[in-house]
1. Can you tell me how many residues in segment 278-298 are open to solvent by 70 Å² or more (accessible area, probe 1.4 Å) and polar (S, T, N, Q)?
2. Kindly list, by first and then second residue, each pair from a residue in segment 304-330 that is closer than 17 Å to Arg210 by Cβ to a residue that is among the acidic types (Asp, Glu) and open to solvent by less than 30 Å² (accessible area, probe 1.4 Å), limited to pairs with Cβ atoms under 8 Å and residues at least 6 apart or on different chains.
3. Return the total of residues in segment 336-353 being crowded, with 19+ Cβ neighbours inside 10 Å and assigned to a loop (DSSP other than H, G, I, E, B).
4. Looking only at segment 187-225, count how many residues are β-branched (Val, Ile, Thr) and either buried (at least 17 other Cβ atoms within 10 Å of the Cβ) or in a strand (DSSP E or B) (or both).
5. Could you check segment 226-269 and list, in sequence order, the residues that are in contact with a strand residue (DSSP E or B) (Cβ under 6 Å, 6 or more places away or on another chain) and either modelled with pLDDT under 95 or of a type in the set (Phe, Trp, Tyr) (or both)?
6. Go through segment 167-186 residue by residue and tally those that are outside any loop (DSSP other than H, G, I, E, B) and open to solvent by 10 Å² or more (accessible area, probe 1.4 Å).
7. What number of residues within segment 226-272 satisfy the criterion of being β-branched (Val, Ile, Thr), assigned to a helix (DSSP H, G or I) and open to solvent by less than 60 Å² (accessible area, probe 1.4 Å)?
8. Can you tell me which residue in segment 276-335 is farthest from the chain's Cα centre (by Cα), limited to those that are part of a loop (DSSP other than H, G, I, E, B) and on the phi > 0 side of the Ramachandran plot?
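The values are calculated or read from the model by the stated rules, or taken from the named source; none is laboratory data. From a predicted model like this one, the values you see are computed outputs, not experimental measurements. All Cβ positions, even for glycine, are placed from backbone atoms using ideal geometry, and neighbour counts span all protein chains on display. The area values use the complete protein model at the heavy-atom level, side chains included, leaving out ligands, DNA and RNA. Shrake-Rupley method; radii C 1.70, N 1.55, O 1.52, S 1.80 Å.
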Amino acid sequence: MRLRVLRSASLLALLLLAACGGGGDGTGTVTPPIAGDTITVTQEKLATPVDGASNYLLYLPKGYGDDASAKWPLIIYLHGSQPFSGLVLSSLSQQGIMGYMKDNHKGLPAIVVQPQQDVNTHGHKVDWHDPAFIDRVIRDVEQRFAVDKTRVSITGGSLGGFGSWSMVLAYPKRFAAVMPVVGGLSNDTDSYDRHLPITTEADWGGSFARIVATPMRVYAGVPDANVPIAWARNPVVILRAAGGTPDYHETNKGHGDTQVEALQAEPIGWMLAQSRPDASEDTTPINAADYVGTYRAANNLTVTMSMAGDRLMLGFSDGRLPMSFLPIGDDRFMAEWMMRAKRDSAGTVKCFVTPMLMLADLVRDGATESCN
């Protein structure tokens, strides 16, 4: 099932490409083919890559820079899963929010950013959005351009819907609006792979209670063959149980058509209308010393955990790229998936458990109690 989800955006790319029109000249800009607003998209790059990724696309609104004191809303759109060849400017700029603008030949009164998750820690086809990379892209745009930090919104389709949930859990006060589309919680896909039930409120600790104040709108398709409706409903159920009131929309459409429905004027206008005076880029505080150390997996993999700023860094003995995990509270950390620390009877972290098949549970060196 995981491969079915991850390959879904190849179809989406074709659907949106057909819907959005436009073309690229390969020189770094894309403009509409007929009269109307010129939708100019540029290729940008972080000065320092994050977990191997550095590229993103940028749109600046008409009138940007005319008033030096003006601040603009920011919308981040996270793309679906697709081959690296689909993440170049000429194709990615025809999808998502940028695709909507190109299709309508009408710009938005907002800065729009579409990160390119064109590398990952496993060195193959895009299969997740790295919250640490997305965070750095947002910070780069906020530093370089006139962003109103009280009006930062995030959305995404398919893999980008999963990424939207991950980002709001990692940064519970950052976003004025969050709109996951045909997505869910990565742990639910991994549980499916291991023939386990999908997650419940108890699995997530207090992380959903921390996002109840964030305006949320969620789109899901009942007949979606790529992301089962149970996966899309689950975070909504958990959020409601925690006291949240997400605006949940179910369609009778499939995977691609539900995304097209969500990326229209009214939902986009809803995001632009939201503001968050208490916006904060802070993650959930933790005691870093509790987690730092050396851990081992059953397959003789050694993992060294250290803290780098607000995130837990995992270094691997088998040569793979390091991974960043962001704290979401209650001994839980978010990257592609949520992993959880467990403590012994004395309160010391003894292991980390994860649903991922490619990363076994990690037992801390010197632990005297089993990981159960």
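1. Step one: of segment 278-298, the residues open to solvent by 70 Å² or more (accessible area, probe 1.4 Å) are 278, 282, 285, 287, 289, 296, 298.
Those still in the list that are polar (S, T, N, Q) too: 287.
Residues in segment 278-298 being open to solvent by 70 Å² or more (accessible area, probe 1.4 Å) and polar (S, T, N, Q): 1 in total.
2. Every condition considered, the pairs that remain are Leu326/Asp135.
3. Going through segment 336-353 one residue at a time, the tally reaches 2.
4. Taking segment 187-225 as the starting set, the residues that turn out to be β-branched (Val, Ile, Thr) are 189, 198-200, 211-212, 214, 218, 222.
Right, trim to either buried (at least 17 other Cβ atoms within 10 Å of the Cβ) or in a strand (DSSP E or B) (or both) and you get 189, 198-199, 211, 214, 218.
Residues flagged as β-branched (Val, Ile, Thr) and either buried (at least 17 other Cβ atoms within 10 Å of the Cβ) or in a strand (DSSP E or B) (or both) within segment 187-225 amount to 6.
5. Within segment 226-269, Tyr248 is the sole residue that qualifies.
6. Taking segment 167-186 and keeping what is outside any loop (DSSP other than H, G, I, E, B), we get 167-170, 177-181, 186.
In the following step, the residues that additionally are open to solvent by 10 Å² or more (accessible area, probe 1.4 Å) were identified as 186.
Final tally of qualifying residues: 1.
7. Narrowing segment 226-272 to residues β-branched (Val, Ile, Thr): 227, 229, 236-238, 245, 251, 258, 260, 268.
Narrowing further to those that are assigned to a helix (DSSP H, G or I): 229, 236-238, 258, 260, 268.
So of that shortlist, the ones also open to solvent by less than 60 Å² (accessible area, probe 1.4 Å) come out as 229, 236, 238, 258, 260, 268.
Looking only at that region, the number is 6.
8. Pass one, segment 276-335, residues part of a loop (DSSP other than H, G, I, E, B): 276-287, 291-292, 297-301, 309-310, 317-322, 330-331, 335.
Filter again for on the phi > 0 side of the Ramachandran plot, leaving 300, 309, 319, 330-331.
Numbers: Asn300: 31, Gly309: 20, Gly319: 25, Asp330: 21, Asp331: 21 Å.
Residue satisfying both the conditions and the ranking: Asn300.
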